[in-house]
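Read the structure below first, then the notes.
Throughout, read-outs are computed from the coordinates displayed, never taken from laboratory work. Predicted, not measured: the structure shown is a model, and the values here were computed from it. Neighbour counts are summed over all protein chains in view; Cβ atoms, including those assigned to glycine, are modelled from backbone coordinates with ideal geometry.
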Amino acid sequence: MGLRGVRGATVATENTKTAIIEATRELLEKLVEANGIQAEHIASAFFSTTRDLNAEFPAVAARQLGWTETALMCMHEMDVPHDLPRCVRILIHWNTDKPASEIKHVYIRGAEKLRPDRIREG
């Protein structure tokens, strides 16, 4: 089994625990559904936020989804003046035999503008 990176991003409505967890959970659920990811095949996941999000660790959403045996890390992004505000980005390291061309990356809630080349219809 190989290791693949699965990317995604979303935007929280505000800098609150509830908003960060809600946005992150929605993104994780969409990534899992789009790719058929099973928690036991996730090697690790990195969560990053823009510096205007600090009310909660986005990884809490993964723990709430049952990712209890997965290595998780949270960090802040570089402070770039034209960055998307209140953005949560995720990089999942997934043990899978799928080729890179079959990996579905998910960008929602306005984060689509970060990677318009990754937007897929259907």
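With each label point set 7 Å from Cα along the Cα-Cβ vector, what nm distance links LYS30 and CYS74?
The two pseudo-label positions are separated by 2.1 nm.
As a test of the formula, what do you get for the chain when each DSSP H run with n ≥ 4 contributes -39,500 (n - 2.57) and the sum is divided by the residue count, at 222 nm and rounded to the nearest 500 deg cm²/dmol?
Helices in the chain give a 222 nm mean residue ellipticity of -6500 deg cm²/dmol.
To check my understanding: the extent here is largest minus smallest coordinate of the Cα atoms along each principal axis. What are those three numbers for the stretch 27-85, in Å, largest first?
For the stretch 27-85, the Cα extents along the three principal axes come out at 37, 21, 17 Å.
GluC sites (Glu not before Pro) within the stretch 41-118: which are DSSP loop residues with at most 13 other Cβ atoms inside 10 Å?
GLU69
Using modelled amide H (1.01 Å from N, peptide plane; none on Pro or chain starts), what sits under 5 Å from the amide H of THR96, excluding residues fewer than 5 places away?
Those qualifying (amide H under 5 Å, at least 5 residues apart or on another chain) are GLY2, LEU3, ARG4.
For the stretch 10-40, run through the GluC sites (Glu not before Pro) and keep only the ones in DSSP coil with at most 13 other Cβ atoms within 10 Å of their Cβ.
Qualifying residues, ordered by number: GLU14.
When 1/r is averaged over all different Cα pairs and the result inverted, which Kirkwood radius in Å belongs to the chain?
When all Cα pairs of the chain are included, the Kirkwood radius is 14.4 Å.
Quick one: angle between helix 17-35 and the longest Cα principal axis of the chain, in degrees between 0 and 90, rounded to 10, please.
20 degrees
Find the relative contact order for the chain and round it to a whole percent, using C-alpha pairs within less than 8 Å whose residues are 6+ positions apart.
Computed over the chain, the figure is 41 percent.
Taking a cut-off of 17 Å between Cα atoms, list the lysines near LYS30, but don't count ones fewer than 8 places away on the same chain.
Result set, ordered by chain and number: LYS104.
Any chance you could run the full-extension gain for HIS41 through LEU65? It's 0.36 nm times the residue separation minus the Cα-Cα distance, nm to one decimal.
Once the chain is fully extended between HIS41 and LEU65, it gains 7.2 nm.
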